[in-house]
């Protein structure tokens, strides 16, 4: 079981009371508790200056989803056997625009996990400056090891129910863990068949039917752009930096691609079986192999050690209580796998290994105790709602292209993404300084994202 961080001693009685309500109303949802605690500990710095937000009970409202949708998803496998999974959509907050956030297909999906992701998404989307509210959804279905036909039948059953609750001006889902281009295609096809309309109801679509260039790359590229901005505040660049990257999906792949382009060297990748360490660095040839391995053959990273001399595979060992991936010496770290993958001991290993910058490619990959270790050591630490906002930002750009029935060139989308990430970094820096915690990207991101949502909620009345 996860251990949620206790609120800092200086948190006001009002915020303590809101947190107590969250725990009481949402039992057995530790990930959601953790996400709410982090944000509310930051925005407590706002409350003394904004008594209007206290009077309007904005905190009590922002922690409650506007709508929670839960449904069964029956489907048949290739042998004709019937399976029943659970489907979810959390429509968290629409103060800034249509709900926007991914769909996750993984056996670890629960209501609490999706509420945490939806809550984070609200403030991440706010930081992008685009007109998007926050939501999240998915299922405890695991596509790993399933045939294309089985995945298609599941996606069609899932969308048969979900289509009642989504639309281009209502809720626009995207992909997440377990939901890539294949799944988005099947979901979109079923929506189009049932609604008899071709609209931008999903992002992450194929380029031939409404998708955007740079969308698969955007989260990884954005995390690297944000890190470059952080390093620039110390008169440094990514040139020559050694980087640790976890995960091996889209985020990790394109983080590595952009690191190579900027002269850095990524030395690790991982999946649920273990991690690869390559002291020489993952070059373009090895990255191309990894992409084919994961995106086409859906294999395991251990195969890199069979194909390339110097790639050393270390299997997962749960008895260690920490991840050996984070023990390698490096300058920067990009956790890009899943929530709470970096625990307190891992963070200590990163610090002792020379890491001076950490950017979260995944959502909440650092446990609160790990975050405290990094901040106390003076590490430049970028929380996911800031560092990995490039993915949803480019989803927003895809929505704009769909609305205009146009497709922008690659260079334009990448330029817009880079501009958005620079803007997010600037907002985090300026806001943290304005509230007396200069250089603290956690407080800066949380407060900047929250204020835009809170002011919009105030403008729209008691709804």
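The values are calculated or read from the model by the stated rules, or taken from the named source; none is laboratory data. Please read all numbers here as calculations on a predicted model, not as lab measurements. Backbone-built Cβ (ideal geometry, glycine too); neighbour counts: all protein chains shown.
Being more than 22 Å from residue 340 (Cβ to Cβ) and either surrounded by 24 or more Cβ atoms within 10 Å (Cβ to Cβ) or outside the structural domain of residue 310 (by TED's automatic domain parsing) (or both) narrows it down to one of 247, 220, 211, so name that one.
211
Return a yes/no flag: does region 304-319 have any residue that is under 20 Å from residue 444 (Cβ atoms), touching a residue at least 24 places away in the same chain (Cβ under 8 Å) and in the same structural domain as residue 265 (by TED's automatic domain parsing).
No, region 304-319 contains no residue that is under 20 Å from residue 444 (Cβ atoms), touching a residue at least 24 places away in the same chain (Cβ under 8 Å) and in the same structural domain as residue 265 (by TED's automatic domain parsing).
Checking the conditions here, which among 362, 337, 348 is within 22 Å of residue 34 (Cβ to Cβ) and outside any loop (DSSP other than H, G, I, E, B)?
Result of the check over 362, 337, 348: 348.
Of the residues that make up region 319-327, is at least one farther than 30 Å from residue 148 by Cβ and more than 25 Å from the chain's Cα centre (by Cα)?
yes
Does residue 148 satisfy the condition of being over 27 Å from residue 418 (Cβ atoms), at pLDDT 95 or above and in contact with a strand residue (DSSP E or B) (Cβ under 8 Å, 6 or more places away or on another chain)?
no
Suppose we filter 177, 184 for residues that are modelled with pLDDT under 95, in the same structural domain as residue 88 (by TED's automatic domain parsing), within 27 Å of residue 120 (Cα to Cα) and crowded, with 19+ Cβ neighbours inside 10 Å; which single one remains?
On inspection, the qualifying residue turns out to be 177.
Residue-by-condition table, conditions (1) surrounded by 14 or more Cβ atoms within 10 Å (Cβ to Cβ); (2) in the same structural domain as residue 158 (by TED's automatic domain parsing); (3) touching a strand residue (DSSP E or B) at 6+ places or on another chain (Cβ under 9 Å); (4) more than 25 Å from residue 165 (Cα to Cα):
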position	(1), (2), (3), (4)
27	no, no, no, yes
32	yes, no, no, no
38	yes, no, no, yes
43	yes, no, no, yes
51	no, no, no, yes
73	yes, yes, yes, no
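Can you pull out every residue in region 190-214 that is outside any loop (DSSP other than H, G, I, E, B) and either within 25 Å of residue 419 (Cβ to Cβ) or in contact (Cβ under 8 Å) with a residue 24 or more places away in the chain (or both)?
Residues satisfying the conditions are 190, 191, 194, 195, 207.
Pick from 402, 446: which is under 17 Å from the mean Cα position of the chain (by Cα), in contact (Cβ under 8 Å) with a residue 60 or more places away in the chain, in a helix (DSSP H, G or I) and surrounded by 16 or more Cβ atoms within 10 Å (Cβ to Cβ)?
Going through 402, 446 in turn, the sole match is 446.
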